[in-house]
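Worksheet: the structure to be examined is printed underneath.
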Amino acid sequence: MLLRPEYLSQKLDQALPTKDGGTLRTIREACDYMTSMGKQRELRTHWQRACKLILAKADVMTVSRALELALFMDAKLDVAAKELPATAAGARSR
């Protein structure tokens, strides 16, 4: 199935830093990340769900949440490097 460049270039609702040293910012980057992981990891339920959502051209918020969850489930989400929402960052600095 061919996904349109317009869909693939959509920005995720927030950047997702990975412990592999990268950061997922677009659906295309997420696809590249998923196709580069090992087969055993790729077959895990949470990655299969993220893949199915992308192939179904789900909205970017839904895809973003699925990717964040998949990274978290694999202990690959770099939570220390994850950006805080503006309201949380402002409240924290007070």
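Some observations on this one:
- Lone unmet requirement of (1) under 23 Å from M73 (Cβ atoms); (2) touching a residue at least 24 places away in the same chain (Cβ under 8 Å) for L3: (1)
- So A75, is it at positive phi and either touching a strand residue (DSSP E or B) at 6+ places or on another chain (Cβ under 9 Å) or at pLDDT 95 or above (or both): yes
- Identity of the residue in the stretch 6-25, among the acidic types (D, E) and either touching a helix residue (DSSP H, G or I) at 6+ places or on another chain (Cβ under 8 Å) or in contact (Cβ under 8 Å) with a residue 24 or more places away in the chain (or both), that ends up surrounded by the most Cβ atoms within 10 Å (Cβ to Cβ): D13
The values are calculated or read from the model by the stated rules, or taken from the named source; none is laboratory data. This structure is a prediction, so every number in the text was calculated from the model and none was measured. Neighbour counts are summed over all protein chains in view; Cβ atoms, including those assigned to glycine, are modelled from backbone coordinates with ideal geometry.
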